[in-house]
Structures are given as C-alpha cells and as structure tokens.
1. Pairs, please: C-beta under 9 Å, at least 6 apart or cross-chain, first residue more than 24 Å from Gly103 (Cα to Cα) and in the stretch 1-22, second in a strand (DSSP E or B) and modelled with pLDDT of 90 or more?
2. Of the residues Thr258, Thr280, Thr273, Thr290, which is closer than 26 Å to Ala174 by Cβ, part of a loop (DSSP other than H, G, I, E, B) and not acidic (Asp, Glu)?
3. Where residues in the stretch 308-333 are surrounded by fewer than 16 Cβ atoms within 10 Å (Cβ to Cβ) and of a type outside the set (S, T, N, Q), which of them is farthest from the chain's Cα centre (by Cα)?
4. What residue, of Tyr38, Tyr78, is more than 21 Å from Ala116 (Cα to Cα), in the same structural domain as His111 (by TED's automatic domain parsing), among the hydroxyl-bearing types (Ser, Thr, Tyr) and buried (at least 16 other Cβ atoms within 10 Å of the Cβ)?
5. Only residues that are over 25 Å from Glu165 (Cβ atoms) and among the hydroxyl-bearing types (Ser, Thr, Tyr): list them for the stretch 302-343, please.
6. Which of the residues belonging to the stretch 29-43 are in contact (Cβ under 8 Å) with a residue 24 or more places away in the chain and more than 18 Å from Arg62 (Cβ to Cβ)?
7. How about the stretch 164-185: which of its residues are touching a residue at least 12 places away in the same chain (Cβ under 8 Å) and surrounded by fewer than 16 Cβ atoms within 10 Å (Cβ to Cβ)?
8. For the stretch 44-58, name all the residues that are more than 29 Å from Asp132 (Cβ to Cβ), part of a loop (DSSP other than H, G, I, E, B) and without any contact (Cβ under 8 Å) to a residue 60 or more places away in the chain.
Amino acid sequence: MSGFDVEELPVPEERAGAAWADFVATVEVRNVCEELGYGTPDVRVTPERLLGWFQDPHSPHRLFGVRVDGLIVARGLYEHLADDDTGACWVDARVLPAYRGRGIGSAVMRHVESLARAEDRTHAIVYIVSADGPGPRLEPPTGSGSLPADNPEVRFLLGRGYRLEQVVRGSRLALPLDPGELDRRLAEARVRTGEAYRIRTWAGATPEPFRDDMAVLMTRMSTDAPQGALEEPEDVWTADRVAEHEERSTADGTVLLTAVAESLADGRLAGFTQLAVPPTASAPVDQRDTLVLREHRGHALGMLLKLENLARLARTHPGYPSITTWNADENRHMLAVNEELGFTPMGYEGAWRLDL
C-alpha cells in the first residue's frame, strides 16, 4: 500500500481538542485488536484510564498513528524508562482488521524500530495477544505455554526477526464470590500464615509512612517477576514516585484497593497486592501487581493478601462483573493461587524480543 504516513501524535495534556480525539481513536484501535485476540470485551480500556500511563515521566511514551481517508486505522508505540541505561525499550503496532495485509503494520513497526536504533537501544520488547488456533505450536525457551505458529501476528514477528521469549496468560475471575466461602477461606488463610505478619488494607493513596516500603516493593516487581530472557530493566521507584503514580492512575475516578503484609519482626512491608476498581461498575476490576519478597515467601502471604483484598472489594465495591489479571505462564505459584481463587484462562499473549 502507498499513500500513507506514520504520523507522530502528541500525548494530550487534557481531555479535549484534536490531540484528545486522536488519542481516543488510537485507544479504540488498541481495544478492537485486544478484544479480537482475547474474545471478550473485558480487555477494553478507556482513554481516560490510559492517559495517566502515557503521561508518566518515568516511562516516556511516543505515540504514532496512520490515517486512511482521515480515519486513524493503526497505532504505534515507542516506550523506554527515563533513567534506564540497559538499552531495553518496548514497541508496538496495531492495525484495525479491515486494513491489514496492506503493509501498514510493517511500516509502523519499521518506524518504531528505527527510533530504537537511533537511540542505540540494544533490544526491543513486544507484548501481543495471540488468539487460539489450529496447527503447529510455537513454544518459548521457558518451556511453559505455546502460541499457534500459523497466526498472522506470530508469522509477522518471526519474519521481522523477533524471538518468542515468554507466554503470558490472561485470566478472569467471575464475580460475585460466595460470601460464606470467601469468609471460610480467609479464616483458613489467616491460620496458615500465622502471627508473624499484620495485614493492613487501605483505599486510595498509600499512607505516607508506608510509601518508602511500597517503593521497594514496586522496584522489586520489576526484577522478581519471571521474565525469561527478555532482560527487562530494573525500574527504580521512590516514595515520591509512588504518590505521583497513584495520583495519575486514579485521575479517571479509579479507586486503588491495597493490602499489605507488615512483618512484625521489623515493621517493614513484606508483600502487597492491589486492585484497581474502575469508576464504571459494568467494567472489570483490574488485579494489578502482587508481590511477596523472596525472603518472606513460604508463609502463604500471597493467598492471604489476595483474599483480604477480595473481601474488601466485596464490602465496599459490590456489583462488578469480574476481575482480570495477567501472569507469566511459567509463574506456576501465582497461577496456582489464582486458580484456587477461581480465576480461569481468558487468553494468551506472547512476549517477544528483537535484538537491535
């Protein structure tokens, strides 16, 4: 195809004007592609929600679009950490189904890859959903999970030199949970964990006394979670960044529900989990990060933290249809926790790497 340009689009500063309209159009491209791949509208997100992530100065985003007859039909992304010197970056290209097979996706990917090379990045990472399909399977080096080898996005990325490094499972938990069963399991989890930890929960911003420890936990999320050979860089957080991030990511009316485990031995936080409750009750709740520090594992804290947060969600925000979450397929411990809670597979995506 000829006659189109990959156009850089400004990240809007406010929810009005031409920049906002273009941003909304790119989010719709993303939503159409995600819903097609996962087969459920639960993976759709609002422009208001995504805007906070795009405005994060710690992970600068550059946004691109392709127009056909004035309509944005493709979206490209280029992202890296502001203070990272490891050379990693994240790229993405999405094209509306009716406009595929015309070279638009290749043009967008060439463009974002060229930005990475111009900045001397060592490798690019892509996360992309792969709908299930027949035929041969492609497995990552982790040995866990697989994708249909004949899928268009799989052939596309292989043709550009990308390697599948990891499979990520998207899971869904239908709500509401049975109140009696939830109470029973919560009581059992408290007994299993014992008395060495105090569970604290809150809604909204992290209280100031816990921000330093939350920064440690958020930093460790970037290094402790399984990542295969992706070599995703350490993402260092501070107390100020925790506060700034929470303010940005809740600007659309989202409420953060946080549960933490405080070690009674030293008063430090040993683990946490967060649910992001959207302002519209018809949308799914987002299970965000869950982490128990390695030195505190073996006490069933992950299960207890999730149950405490689920109980709080049921008390304070009833009526939501589901919770969605994503985990590396080789992260069997966390998947086992989720499966015990009732999460079921929703779909799978590949984590791909291109050495530049």
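1. Val11/His61; Val11/Arg62; Val11/Leu63; Ala19/Leu9
2. Thr280
3. Arg315
4. On the way: Tyr78 fails: more than 21 Å from Ala116 (Cα to Cα).
Tyr38 is the lone residue from the list that is more than 21 Å from Ala116 (Cα to Cα), in the same structural domain as His111 (by TED's automatic domain parsing), among the hydroxyl-bearing types (Ser, Thr, Tyr) and buried (at least 16 other Cβ atoms within 10 Å of the Cβ).
5. Thr316, Tyr320, Ser322
6. Start the filter on the stretch 29-43 by keeping residues that are in contact (Cβ under 8 Å) with a residue 24 or more places away in the chain, which leaves 29-30, 32-34, 36-40, 42-43.
Across the stretch 29-43, the qualifying residues are Val32, Cys33, Glu34, Leu36, Gly37, Tyr38, Gly39, Thr40, Asp42, Val43.
7. Across the stretch 164-185, the qualifying residues are Ala174, Pro176, Pro179, Asp183.
8. The answer is Pro57, and nothing else.
The values are calculated or read from the model by the stated rules, or taken from the named source; none is laboratory data. Owing to the predicted nature of the structure, the values given are computational and were not obtained by experimental measurement. Cβ atoms come from the backbone with ideal geometry, glycine included; neighbour counts cover every protein chain shown.
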